[in-house]
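Here's the structure we're looking at; comments come further down.
The values are calculated or read from the model by the stated rules, or taken from the named source; none is laboratory data. In this text, all values refer to a predicted model and were calculated from it rather than measured experimentally. As a convention, Cβ positions derive from the backbone with ideal geometry for all residues, glycine included, and neighbour counts pool all protein chains shown.
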Amino acid sequence: MNHLREQLWMQCQKMVEHRLATAQQAMDAAQQSANQEEKSSAGDKYETGRAMAQLERDKAATQVEENKKMLIVLSQIKHSTIAERVTLGSVVVTDRNKFYVSIGAGKLEIGGESYIAISTQSPIGQLLLHKCAGEFFSFNNQKQTIISVS
């Protein structure tokens, strides 16, 4: 099961690194655009262009920071630790879904099986935390029973 957790972790890591690189490129491009905006005789047009470029840069900077935070969460996951109760890094199998408790990365595919990467801060992550096999929880009016935690 450690191998499965490592594969899920690696998919999350690659996804976040890709998002981080994309956001960094967007931030750099927006900054470069703002810097190249030349003052024209129409001063308002210049100011509007710079303001729009700055907004794009700020948006990309926010994405960079969010992805850096996700990398920090991923760095805290211990692959060798298997707990009886759901914790960061757990793979949780319910009668309806399979979850990887890590970051909010959505659907991951490993060996033809689908897992949903969820954050401990998400509503479903909060419901799962500290539960063990045999316990249940309700999410969106659907009851799910935890079959295994690894």
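Condition check: assigned by TED's automatic domain parsing to the domain that holds Arg19, at pLDDT below 95, basic (Lys, Arg) and in a helix (DSSP H, G or I). Does Lys68 satisfy that? Even if it seems obvious, please write down each step before you answer.
Values: assigned by TED's automatic domain parsing to the domain that holds Arg19: yes; at pLDDT below 95: no; basic (Lys, Arg): yes; in a helix (DSSP H, G or I): yes.
In short, no.
With respect to Val93, determine if the residue is farther than 30 Å from Gln36 by Cβ and modelled with pLDDT of 95 or more. Walk me through it before giving the result.
On the way: farther than 30 Å from Gln36 by Cβ: yes; modelled with pLDDT of 95 or more: yes.
Criteria met by Val93.
Yes/no matrix, rows are residues, columns are (1) outside any loop (DSSP other than H, G, I, E, B); (2) of a type in the set (A, V, I, L, M); (3) assigned by TED's automatic domain parsing to the domain that holds Gln7; (4) touching a residue at least 12 places away in the same chain (Cβ under 8 Å):
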site	(1), (2), (3), (4)
Met52	yes, yes, yes, no
Glu56	yes, no, yes, yes
Thr62	yes, no, yes, no
Thr81	no, no, no, no
Gly104	no, no, no, yes
Lys107	yes, no, no, no
Ala117	yes, yes, no, yes
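Among the numbered criteria (1) within 20 Å of Arg5 (Cβ to Cβ); (2) modelled with pLDDT of 95 or more, which one does Glu135 miss?
That leaves (1) as the condition not met.
Go through the residues of the stretch 53-74 one by one and say whether even a single one is over 30 Å from Ala29 (Cα atoms) and among the hydroxyl-bearing types (Ser, Thr, Tyr). Reasoning before the result, please.
Pass one, the stretch 53-74, residues over 30 Å from Ala29 (Cα atoms): none.
Scanning the stretch 53-74 turns up no residue that is over 30 Å from Ala29 (Cα atoms) and among the hydroxyl-bearing types (Ser, Thr, Tyr).
Of the residues Leu108, Leu129, Leu74, which is surrounded by 13 or more Cβ atoms within 10 Å (Cβ to Cβ) and over 23 Å from His3 (Cβ atoms)?
On the way: Leu108 fails: over 23 Å from His3 (Cβ atoms); Leu74 fails: over 23 Å from His3 (Cβ atoms).
Residue meeting the stated conditions: Leu129.
Quick check, is Ala34 modelled with pLDDT under 95, on the phi < 0 side of the Ramachandran plot and touching a Ser or Thr at 6+ places or on another chain (Cβ under 6 Å)?
No, not satisfied.
Identify all residues within the stretch 49-98 that are in contact with a strand residue (DSSP E or B) (Cβ under 8 Å, 6 or more places away or on another chain) and of a type in the set (Val, Ile, Thr); write none if there are none. Give the steps one after another, and end with the answer.
Keep residues of the stretch 49-98 that are in contact with a strand residue (DSSP E or B) (Cβ under 8 Å, 6 or more places away or on another chain), which gives 73-74, 77, 83-98.
Val73, Ile77, Val86, Thr87, Val91, Val92, Val93, Thr94, listed by residue number.
With Leu55, Leu8, Leu4, Leu74 as the choices, which residue is under 20 Å from Pro123 (Cα atoms) and of a type outside the set (S, T, N, Q)?
Details: Leu55 fails: under 20 Å from Pro123 (Cα atoms); Leu8 fails: under 20 Å from Pro123 (Cα atoms); Leu4 fails: under 20 Å from Pro123 (Cα atoms).
The conditions single out Leu74.
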